[in-house]
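Report on the structure given below.
The values are calculated or read from the model by the stated rules, or taken from the named source; none is laboratory data. Everything numeric in this text was worked out from a predicted model, so none of it was measured. No Cβ is skipped: glycine too gets one built from the backbone with ideal geometry, and neighbour counts run over all protein chains shown. For the accessible areas, the whole protein counts, side chains as well, though only heavy atoms, and no ligand, DNA or RNA atoms are used. Shrake-Rupley method; radii C 1.70, N 1.55, O 1.52, S 1.80 Å.
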Amino acid sequence: MCLPFALFLFTIIHKMDGKSQCMYAGKMGKTVSVKKYKNREKQTMKKTTEFTPTAFILGILLAVVFGGANAYLGLRVGMTVSASIPAAVISMGIVRLLLKRDSILENNMVQPIGSAGESLAAGAIFTLPALFMWAKEHGTAMPSFFTIAMLAISGGLLGVLFMVPLRHALIVEEHDRLPYPEGTACSKVLLAGEEGGAKAKKVLKGLLAAAVYKFLADGLKLFPSEVDFESRKLRGAGFGIDVLPALVGVGYICGTRVSSYLLSGAVLGWLVLMPAFVLVGGDNILFPATRAIGTLTTWELWGNYIRYIGAGAVAAGGIISLVKALPLIVTTFRKAVRGYGNTGRERTERDIPMRYVIIGIVAILLFLCVMPQIRLSAPMALFIAVFGFFFATVSARMVGLVGSSNNPVSGMAIATLLLASFVLKLTGQTGLKGMTVAISMGTVICIVAAMAGDTSQDLKTGFIVGATPWKQQVGELIGAVVSGLAIGGVLYLLQAAWSFGDPELPAPQATLMKLVVEGVMGDYLPWGLILIGVFIAVAVEIVGIPVLPFSIGLYLPIHLSTAIMVGGLLRAFYERKKNEAYVQDGILFSSGLIAGEGLIGILLAVTAVLGVSAKFDLSGRGISLGAAGSLAAFLSLLVIMICVIKKQEKMEIDS
């Protein structure tokens, strides 16, 4: 698939570049001498250079780094964060300050290629680990690297191509009504290019701090990365914290409000529902547990009961968010159909021609029909096309209002899996084969939604700084291919080192999707618990609390939400100072924390696969600082973060 795709891109670039040169020459006029024309062309090209080898290579590197880091983060905590702003900052630091190049459009081209890794990872980790978990449970062969990579690449390419006809309606016509927070923020970073080096240092400092911390905690195992407490008076209740830098970074980026919703859901699960099960259940045995409720540990209570209640809440929350967006979906469809093709022929108004978009979409769908291990039928391929474009529209519109971090991708994936599973079951495709096809379809559509949201943010940035849309779209396509290959490798590596579903890699979103498909196909889930979660989500929506973050908090262990809340509180402290510079420096440092922990997590997976991880393990030699050491190390990390931000404050006072 990669070779035909390369030829496809070469054809687009060759044709579009040829047209650009002809248009430029036509505007110059016949009376201009060849010498003057060349001089003016050089001056113009210096300012409008976009697609360069530097931008291409740097974008690919960032796609691999942020894609791998977000894949690890998502498999650990079930959440990912936008990489657009860190990619823009690092690009400015390298291209402008180190390489002494002043083309803002070249810097801008790095961003769509680099951020594609994050968005593709966000879609892939929601579904693909389920294939590995089924293979382990059923004793069958693991999905091949080719299958994983091609599913990821197919979803990524479709997400970009579906966004092409939507660009004019969403980015141009609704420029004043859809802010696209990350896209607008990236444009500000690019326009303030002289700050690129200083801001890039914040990201790198966070990356270094998290890398050292993660290696000490999970590499040398000098102190445990999780601190756990159980209540003696309130039986069944539990509390704790995962003292990890990435969680602090997630909390800081999400802010106090979202962090508090996550913690509220966790408190309901671990400090209300779990003690209630023990108090009422006592010596009774309740499916799916096989022992008396009163004898279960806090983790067993969570695994047997709270996890299913949380799954029901997340599923309901995703569908509720989707239903609330229906009016926006209808509006966007109408404007896209009316507006596409009515653009001018200026450089900043030209998209990839529609004939290439259609050819690309049809080729990808045909490939999915003949791909080994999947072999979708024609109706199922049409299902992907229809729902893929539908959810691409939803995603692109939603992120324009609430940002990429709040994009309800999980809700779209759940809706897709429910419908696909019902259809497959009605047509007789059940068992492992039917579940594999359902999760594969869900994977493609989930990645389509994530990629469409990311692409729309990048196109917004390009619209503000004056980039060429079709070049940005080609950059996104390249980023999707590179990221798909990288994500396939990362998933295989992490599965080989540990196992999806284990404490090291709980893969919460993928586990939820797996439960949804199994529930439809097999009818053996504890539906009573799941329905309790559904109606908890309904009650939360009625009182006006954002249902998705609350439901995710209910579904995840409280240890994760506690650490995320710490990051949220730290951001609240700086927001009260009413200085946006402090908040932005913290966001950049937090992005580094996430990237640093993710990269070291991947390196530790390599050592586990090679069988050398035990050589670094100090706890096996009786050297461990225990829970007190964990809390001390976590506090030290927070002090370092505060000092980095305070340094900015001191610099501003001195100036």
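Quick notes on this one:
- Single condition LEU560 does not satisfy, out of (1) more than 25 Å from LEU419 (Cα to Cα); (2) in a helix (DSSP H, G or I); (3) open to solvent by 40 Å² or more (accessible area, probe 1.4 Å): (3)
- When we screen GLY282, GLY294, GLY238 for residues that are of a type outside the set (Asp, Glu) and within 28 Å of PHE126 (Cβ to Cβ), the only hit is GLY238.
- Failed item in (1) free of Cβ contacts under 8 Å to residues at least 60 places away in the same chain; (2) small (Gly, Ala, Ser); (3) open to solvent by less than 20 Å² (accessible area, probe 1.4 Å), with GLY533 passing the rest: (1)
- Selection from region 207-222 of residues that are closer than 22 Å to SER590 by Cβ and either buried (at least 17 other Cβ atoms within 10 Å of the Cβ) or in contact with a Pro (Cβ under 9 Å, 6 or more places away or on another chain) (or both): LEU207, ALA209, ALA210, ALA211, TYR213, LYS214, PHE215, LEU216, ALA217, ASP218, GLY219
- Residue check for GLY196: part of a helix (DSSP H, G or I), over 30 Å from PRO372 (Cα atoms), open to solvent by less than 10 Å² (accessible area, probe 1.4 Å) and modelled with pLDDT of 80 or more: no
- Some residue of region 520-527 being among the β-branched types (Val, Ile, Thr), at pLDDT below 90 and touching a Gly at 6+ places or on another chain (Cβ under 8 Å): no
- Residues in region 217-233 that are of a type outside the set (Lys, Arg) and either within 29 Å of the chain's Cα centre (by Cα) or part of a loop (DSSP other than H, G, I, E, B) (or both): ALA217, ASP218, GLY219, LEU220, LEU222, PHE223, PRO224, SER225, GLU226, VAL227, ASP228, SER231.
- ALA510 being more than 28 Å from GLY68 (Cα to Cα), crowded, with 24+ Cβ neighbours inside 10 Å, touching a residue at least 12 places away in the same chain (Cβ under 8 Å) and within 25 Å of the chain's Cα centre (by Cα): no
- All told, PHE391 falls short of being under 30 Å from CYS254 (Cβ atoms) and free of Cβ contacts under 8 Å to residues at least 60 places away in the same chain.
- For region 394-432, a tally of residues being at pLDDT 75 or above and assigned to a loop (DSSP other than H, G, I, E, B) returns 4.
- The residues on offer are ASP283, ASP228, and the sole one that is more than 21 Å from GLY533 (Cα to Cα) and in contact with a strand residue (DSSP E or B) (Cβ under 6 Å, 6 or more places away or on another chain) is ASP228.
- Residue that is modelled with the highest pLDDT [pool: residues in region 158-192 that are over 22 Å from GLY479 (Cβ atoms) and open to solvent by less than 10 Å² (accessible area, probe 1.4 Å)]: ALA169
- Single match in ILE447, ILE439, ILE464 (criterion: within 30 Å of GLU174 (Cα to Cα), open to solvent by less than 20 Å² (accessible area, probe 1.4 Å), in contact (Cβ under 8 Å) with a residue 12 or more places away in the chain and among the β-branched types (Val, Ile, Thr)): ILE447
- Within region 116-157, the set of residues being surrounded by 19 or more Cβ atoms within 10 Å (Cβ to Cβ) and of a type in the set (Ser, Thr, Tyr) comprises SER119, THR127, THR147, SER154.
- Residue satisfying condition, being in a helix (DSSP H, G or I) and open to solvent by less than 20 Å² (accessible area, probe 1.4 Å), within set GLY528, GLY475: GLY475
- Check on GLU518, within 25 Å of the chain's Cα centre (by Cα), closer than 15 Å to ALA315 by Cβ and open to solvent by 50 Å² or more (accessible area, probe 1.4 Å): no
- Filter result for PHE589 (closer than 22 Å to LYS188 by Cα, at pLDDT 85 or above and not in a loop (DSSP other than H, G, I, E, B)): yes
- Qualifying helices (runs of 4 or more DSSP H) (wholly inside region 91-174; at least 1 residues being without any contact (Cβ under 8 Å) to a residue 24 or more places away in the chain and small (Gly, Ala, Ser)): 129-138
Yes/no matrix, rows are residues, columns are (1) in contact with a helix residue (DSSP H, G or I) (Cβ under 7 Å, 6 or more places away or on another chain); (2) modelled with pLDDT under 90:
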{"residue": "ASP454", "(1), (2)": "yes, yes"}
{"residue": "PRO469", "(1), (2)": "yes, no"}
{"residue": "LEU477", "(1), (2)": "yes, no"}
{"residue": "ALA497", "(1), (2)": "yes, yes"}
{"residue": "ALA507", "(1), (2)": "yes, yes"}
{"residue": "THR511", "(1), (2)": "no, yes"}
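- Residues in region 226-259 that are surrounded by 21 or more Cβ atoms within 10 Å (Cβ to Cβ) and either on the phi > 0 side of the Ramachandran plot or not hydrophobic (A, V, I, L, M, F, W, C) (or both): GLY236, GLY238, ASP242, PRO245, GLY249, GLY251, TYR252, SER259.
- In this structure, LEU247 does not satisfy being modelled with pLDDT of 90 or more, hydrophobic (A, V, I, L, M, F, W, C) and in a helix (DSSP H, G or I).
- Taking region 478-503 as the range and being in a loop (DSSP other than H, G, I, E, B) and free of Cβ contacts under 8 Å to residues at least 24 places away in the same chain as the test, only PRO503 passes.
- Qualifying positions in region 278-296 - open to solvent by 40 Å² or more (accessible area, probe 1.4 Å) and either among the small types (Gly, Ala, Ser) or under 18 Å from GLY310 (Cα atoms) (or both): LEU286, PHE287
- Across region 596-655, the qualifying residues are those that are assigned to a helix (DSSP H, G or I) and of a type in the set (Ser, Thr, Tyr), and the one among them that is modelled with the lowest pLDDT is SER613.
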